[in-house]
Amino acid sequence: MQSQEGRFPHLFVQDRFQSNQFPIGSLFIGGDSPVIVQSMTNTNTLDTKATVEQCIRVFDAGAQMVRIATQGIAEAENLKNIKAELLKKGYSLPLVADVHFLPKAAEIAAKYVEKVRINPGNYAEKTSQPDYSPMEYQQALDRIAQKLKPLIQICKENETAIRIGVNHGSLSNRILSRYGNTPEGMVESALEFIRIFEEAQFYNLVVSLKSSHVQSMVYANRLLAARMKENNHLYPIHLGVTEAGNGLAGRQKSIAGIASLLNDGIGDTIRVSLTEAPENEIPLAKNLIEYFEKNKSKYTETQFKPWFNPTEYQKRKSNTVLNIGGKNQAVVVLGIAHKSSCSMQKPYPDFLAPNEDIAYLGNERPIFFQEDKVYIQNYSVWKNEQSNCFPLLSFREWESVSLANEQIAFVQLNLAELQLSEIIKRLKNSNSLVLILEAISDNPIAEWRTAFWRLHENEIDMPVVLHRKFETHQNDQFLLESTALFSSLLLDGFGDGIWLQDLGCVHRETTKQIAFGLLQSCRLRQSQTEYIACPSCARTLFDIEKRLEEVREKTKLFKHLKIAVMGCVVNGLGEMADADYGYVGSVPGKVNLYKGNLLMEKNINEENASDMLVALIKKEGDGQIQKH
């Protein structure tokens, strides 16, 4: 077979979104400036000593900016003391005041710190009005513009930047009345405030759209970048998956959302939000940025307009073969071989992953086959003796052999092979094949996307399993690389399954944990209890790290449930909107329990709340314990 003439075009590889550049204190953000790493304190803002010490730990870990909860006038005034103490100790990097609800706190804070974060969902807008006429809607915007005038003037006088921080969980009733709780509503919430600031000739703005739902976070930021380009609102974008939780799941959700957008060229500053000590967030954030910096030359070629909507999840249509494709949930393929020639790190302690859906045997010919499992075996040793074992053919094998039309088989191909006209012709006439789509180049995301464009162009609907070989020796590096690569395609709606194959020193159980965790992070398949947990700040009303671990231990076998653990109600009730149950701080040391958005128990002592949560789950009929 002869390859098609000409070089196949690169698709979907984007230059960095060229935002405006401006200073925030001693740093520059936007434009070609390096991506900034930041975190947020969880100490009492009125405790100057504790807050200063935590800021120093976060700065020493490598953060370049620290945000501090500023919930009232007293906290805003104390930022002056915190700033002075940090300067006295030689720390001059920017501080950010995090303000909700209270314009006066923002106005005071803007005199002392380099940036103020305000939330359009609750800043200067407290109405519970459910519906708005066009006139009422505009009148509400006019009132907001008037209330923002003092803050804008103070920020101009003090050269203080403003972050327009939209949260999926706290959109205003006004936005909800027109756009619903959607990525479009998040984008419009930000754009409305941008227009107000521009009318006042204030341009030192950073914009963030955050959600605990990775799909919503990615689609909203893609849409934001597109809308800002259309309207020449070129402001730096802050990235983060809020309420990501802790441990492996929290890290993997953060990687899936942030890495997918960094790959798209979106993001000028990032925060990894973990329900842990804030300094724990910094290593992963730095590693993410270093990973994309190292690969920058591979990810910055001409953009090709996508042939699908990248701001709305829609799974690629595919035929069903076995349990793969069609309406089936994404499958996990995993090799059976255990490495014994190298020293492997232990798997993550967070959860016991289920068994893989498809076991790759390689050249092994086991005596025993489980009836409820699908196996694939190299064609060279396959004997067609087991009804649930199917051949895996390389390109050359598939090119040279003839299989019966009804024979189910798996074929490994890469982009270069998909460019062959004869291969395309054979694929179009094959209804019993599963395509194992390999990525072998230095730019696997673009390679995979181009391959799916090729399949789309030729109306080939066979199911596709994404396959990539890694050679890593550290669990965390494997977690970062595999999640960063696979999540972009999965969030595009591409891939009926994944096959992560490590050639280094990663334990098989670790590979399985990361594979199933990847699908759960992208909200494509749930295999463990989902925890939506805020990272904690000075507003948190109980010891959230301790209580999250307690809740996790007591509910980890309810693998079909999503459980929210929230420190307060600022974003809590909104971000837990799709949770089955919620554990939310109400007053210091007290917790409210929810089923969905319905309040079930009020002001429970935090020491008893986890047991009462379990009792509520069982009382409501959701206490089925699921074991793998």
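List of remarks:
- Peptides 78-84, 168-174 ordered by average Cβ neighbours within 10 Å, highest first: 168-174, 78-84
- Projecting label points 7 angstrom from Cα along Cα→Cβ for F470 and S177 puts them 4.8 nm apart.
- Between L503 and S402, the simple label model (points 7 Å from Cα in the Cβ direction) yields a spacing of 3.5 nm.
- Were the residues from K383 through F369 laid out at 0.36 nm apart, the gain over their Cα-Cα distance would be 3.7 nm.
- Residues whose placed amide H lies under 5 Å from that of K115, excluding near-sequence neighbours: L95, A97, A161
- Of the cross-linked pairs K346/K554; K253/K469; K317/K562, those separated by over 26 Å at the C-alpha level are K317/K562.
- Cα shape, the stretch 331-521, gyration tensor, a/c 1.5 rule: oblate
- Most to least packed among 598-607, 224-233 [average Cβ atoms within 10 Å]: 224-233, 598-607
- Span per principal axis, largest first, for the Cα atoms of the stretch 481-628 (Å): 51, 33, 30
- Ordering K126, K428 from the fewest to the most neighbouring beta carbons within 10 Å gives K126, K428.
- 3J(HN,Hα) couplings calculated from phi for the stretch 533-543 with the Karplus curve 6.51 cos²θ - 1.76 cosθ + 1.60 (θ = phi - 60°) are, in sequence order, 9, 6, x, 6, 7, 5, 7, 4, 9, 7, 6 Hz; Gly and Pro show x.
- Relative contact order, percent, the chain [alpha-carbon distance under 8 Å, six or more residues apart]: 14 percent
- Taking other C-beta atoms within 10 Å as the exposure proxy, F368, F390, F202, F486 rank F368, F202, F390, F486 from fewest upward.
- The chain: angle of helix 444-457 to the longest principal axis, Cα-based, in degrees nearest 10: 60 degrees
- Whole-angstrom gap from the stretch 12-57 to the stretch 61-99, using each part's C-alpha centre: 12 Å
- Crossing angle, helix 73-88 versus the chain [Cα axis fit, 0-90 degrees, rounded to tens]: 80 degrees
- The Rg/Rh ratio of the stretch 494-574, with Rg taken over Cα atoms and Rh as the Kirkwood radius over Cα pairs, comes to 1.07.
- Couplings for the stretch 480-487, taken from phi via the Karplus curve 6.51 cos²θ - 1.76 cosθ + 1.60 with θ = phi - 60°, read 5, 5, 5, 5, 4, 7, 6, 4 Hz in order; Gly and Pro are left as x.
- The stretch 532-561-the stretch 419-476 distance, computed between alpha-carbon centres (Å): 39 Å
- The stretch 540-619 - share of DSSP beta bridges that are antiparallel (%, nearest 5): 70 percent
- Extended-chain gain in nm, criterion 0.36 nm per residue less alpha-carbon gap, E312 and E553: 83.3 nm
- Along each principal axis, Cα extent of the chain, largest first, Å: 77, 58, 53
- The angle between the Cα long axis of helix 247-263 and the main principal axis of the chain comes to about 90°, on a 0 to 90 degree scale.
- Applied to the stretch 494-508, the Karplus parametrisation 6.51 cos²θ - 1.76 cosθ + 1.60 on θ = phi - 60° returns per-residue 3J(HN,Hα) values of 9, x, 9, x, 9, 9, 9, 10, 9, 9, x, 10, 9, 4, 4 Hz, with x for Gly and Pro.
- Across all directions, the average flat footprint of the convex hull enclosing the Cα atoms of the stretch 540-619 is 4.5 nm².
- Once you divide the Cα radius of gyration of the stretch 543-583 by 2.2 N^0.38 Å, the number left is 1.14.
- Under 28 Å from K111, Cα to Cα: lysines that are on another chain or at least 8 residues apart: K49, K80, K83, K88, K89, K126, K147, K149, K156, K210
- Over the stretch 540-619, relative contact order from alpha-carbon pairs under 8 Å, at least 6 apart, %: 27 percent
- The stretch 315-411: C-alpha gyration tensor shape, a/c 1.5 cut-off, then a/b vs b/c: oblate
- Long-range Cα-Cα pairs in the stretch 22-239 (distance over 30 Å), rounded percent: 21 percent
- In this Cβ point-charge picture (+1 for Lys and Arg, -1 for Asp and Glu), the stretch 22-239 has a dipole of about 240 debye about its Cα centre.
- In this rough spin-label picture, where each label sits 7 Å from Cα along the Cβ direction, the S26-R143 distance is 4.3 nm.
- Shape class of the stretch 13-147 from the alpha-carbon gyration tensor: oblate, with a/c at 1.5 or above and b/c at least as large as a/b.
- Whole-angstrom gap from the stretch 368-390 to the stretch 268-288, using each part's C-alpha centre: 44 Å
- Extension gain, N431 to K156: 0.36 nm times the residue separation minus the Cα-Cα distance gives 92.5 nm.
- Rg and Dmax of the stretch 102-170, Cα atoms only, in Å: 13.2, 40
- Distant-in-sequence amide contacts of M65, defined by a placed amide H-H separation under 5 Å and a gap of 5 or more residues or a different chain, comprise S39.
- Of all DSSP-defined beta bridges confined to the chain, some 20% are antiparallel rather than parallel.
- Taking other C-beta atoms within 10 Å as the exposure proxy, V411, V218, V565 rank V411, V218, V565 from fewest upward.
- Here K383 is the anchor, and the lysines within straight C-alpha reach of less than 23 Å, apart from those fewer than 8 places off in the same chain, are K373.
- Dipole check for the chain: with +1 at the C-beta of Lys and Arg, -1 at the C-beta of Asp and Glu, and the Cα centre as origin, the magnitude is about 480 Debye.
- For the stretch 425-539, the alpha-carbon coordinates run over 60, 33, 24 Å along the three principal axes, in decreasing order.
FYI, it's all coordinate maths here, none of it is from the lab. Fair warning: this is a prediction, and the values are worked out from it, not measured in the lab. Heads up, the Cβs are rebuilt from the backbone with ideal geometry, glycines too, and the neighbour counts pull from every protein chain shown.
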